[in-house]
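> The structure is given below, and queries will be raised subsequently.
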Amino acid sequence: MAGGVSDPATSSLPLVQFSALPDVIDLGWGHPDPDLLPVDELRRAAGEAARRWGPDLFAYGYAQGPAPLLTWLAGRLGEVDERAPDPSAIVITAGASNALDMTITQSTQPGDVALVESPTYHIAVKLLRDHALEVVPIRRDADGADLDDLTAALDRLQRAGRQPRLFYTIPTFHNPTGGVMPLDRRIELVRLAESRELLIVEDDAYRELFYDEPPPPSLWSLATPGSVVRVGSFSKTLAPGLRVGFLTAEPRMTTRLSQSGLLDSGGGIAHVPALTVAVLAESGFYARHVERLRSAYAARRDALVGALASGLPETVGLKRPDGGFFVWLTLPAGRSASALLELAQGRGVSFMPGNAFSLTDGLEANLRLSFSRYGPDQLEEAGHRISAAFHQAGAHH
């Protein structure tokens, strides 16, 4: 239609970020399985929210977020972590990415230095660079950030007259490796950061999704108020399209955020979905749903890891993660994840090569597999296909 708006029925614009192809098992995306999204419960909760709050549901929301969700969330965080924040220490955001973006906005200026563990969540690096920050990688081992490397980087930058503004880390069910930082290193990291006046930004998006033992306390719960900002989300536990996340910080920062132009102009972010989440949370559904998710994702993890363990040689590094969405493979020396990906795609399976998560391109032998999007049968098949592709690559190696 010339000069007008295109007909939605014929528009080629997609509705969602990722749609699975029928003939490909794509383990590259860390998205929840659509079959696990509580669609009916969300629909009922939205209706209940409209009945309960009427016009207030559709008004500009309170800048920090609606009180029912703030109050419930403070209690829930106390249940799944070492200590509960005061509701005044929480800001509701449009997902964890928005929480991270808001924290960067409040804590940095263009040209500042940000430290990140490497490998790390690649979109976090993109966000930091969107703010024109200089991103400096810190080595990561199986237990998390290498604190000797972090200390050396801080010393090196100090000699150059530069003070990093923040350190971004995922200590719990790390993306991409699935690793968990032990308690003793968490305590050591918090003490180091406090002694160097370095703000830690803790991405805690996977805390609820543990499949064996609960993870150690968050860095936020171990730290002096003001030295850690923790970001979290309901994207993995309820639905990503809700765009409801949160951050916990000391009240001075939450006050600054509440008075920012973004929130002062538009009011609380995600007001309608936040109150929808509050209805589900207060009813007890959220806690029951998370328990079901833990069982469902544990079965998916076990299906993928079991197939890989039976099909790959012991020279391939494979560790069963205790939570989160990801399995991290380390290929033998001389083997390439990119080359394996090409062969795997020929067999109808895809994944993310390790270098996508590296700032230094040193992870050519690594790959990340997400077990969140598909059921156990498809994941078992994916594991067999990847194993077959590995042996095919070996025949030509």
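> Report relative contact order for the range 140-217 in percent, whole number only (criteria: Cα-Cα under 8 Å, sequence separation at least 6).
This gives 34 percent for the range 140-217.
> Peptides 261-267, 250-256: what's the order by average Cβ count within 10 Å, highest mean first?
Taking the mean over residues of other Cβ atoms within 10 Å, the ranking is 250-256, 261-267.
> Using Cα-Cα distances under 8 Å and only pairs 6 or more residues apart, what relative contact order does the chain have, in percent?
23 percent
> For the range 157-274, what is the relative contact order in percent, using Cα pairs closer than 8 Å and at least 6 residues apart in sequence?
20 percent
> Taking a virtual spin label 7 Å from the Cα of HIS391 along the C-beta vector, which residues in the range 284-324 bring their backbone nitrogen under 15 Å of it?
Once the point is set 7 Å along Cα→Cβ of HIS391, 307-316 turn out to lie under 15 Å by backbone N, inside the range 284-324.
> For a test of the definition: using alpha carbon positions, the gyration tensor, and the 1.5 limit on a/c, classify the range 180-239 as rounded, prolate or oblate.
Because a/c hits 1.5 or more and a/b fails to exceed b/c, the range 180-239 counts as oblate.
> First measure r as the distance between the Cβ atoms of HIS122 and LEU21, then evaluate 1/(1 + (r/R0)^6) with R0 = 22 Å and state the FRET efficiency to the nearest 0.05.
For R0 = 22 Å, the calculated efficiency reads 0.50.
> Here's a follow-up. Report the calculated FRET efficiency for GLU213 and ARG252 (r = Cβ-Cβ distance, R0 = 51 Å), to the nearest 0.05.
FRET efficiency, GLU213 to ARG252: 0.90.
> Still on this structure, I have one more. Kindly provide the helix-only [θ] at 222 nm of the chain, computed as the sum of -39,500 (n - 2.57) over DSSP H runs of four or more divided by all residues, to the nearest 500 deg cm²/dmol?
-13000 deg cm²/dmol
> Expressed in nm to one decimal, what extension gain is obtained for the pair ASP264 and ALA356 from 0.36 nm per residue of sequence separation less their Cα-Cα distance?
Taking 0.36 nm per residue and subtracting the Cα distance, the gain is 29.4 nm.
> Test of the criteria: in the range 262-362, which trypsin sites (Lys or Arg not before Pro) are in a DSSP loop and have at most 14 other Cβ atoms within 10 angstrom of their Cβ?
Here the trypsin sites (Lys or Arg not before Pro) that fit, given the DSSP loop and packing criteria, are LYS319.
> Counting other Cβ atoms within 10 Å, which GluC sites (Glu not before Pro) in the range 276-348 have at most 13 and lie in a DSSP loop?
Here the GluC sites (Glu not before Pro) that fit, given the DSSP loop and packing criteria, are GLU314.
> Under the rule a/c < 1.5 gives rounded, and otherwise a/b versus b/c splits prolate from oblate, where does the chain land using the Cα gyration tensor?
The shape class here is oblate.
> Also, quick follow-up: Show me the trypsin sites (Lys or Arg not before Pro) within the range 107-181 that DSSP assigns to loop and that have at most 15 other Cβ atoms within 10 Å of their Cβ.
Sites meeting the loop and neighbour criteria: ARG162.
> Evaluate the distance, in nm, between pseudo-label points positioned 7 Å from the Cα of ALA67 and of ARG52 along their respective Cα→Cβ axes.
With each label point 7 Å from Cα toward Cβ, the separation is 1.4 nm.
> In sequence order, what are the phi-derived ³J(HN,Hα) couplings for the range 252-261 according to the Karplus relation 6.51 cos²θ - 1.76 cosθ + 1.60 with θ = phi - 60°, rounded to whole Hz, with x for glycine and proline?
4, 6, 5, 5, 4, 5, 5, 9, 5, x
Bear in mind these aren't lab numbers, they're just calculated from the coordinates by the rules spelled out. For clarity, every value in this text was computed on a predicted model and none was experimentally measured. Don't worry about glycine lacking a Cβ; one is built from the backbone with ideal geometry, like all the others, and counts go over all protein chains shown.
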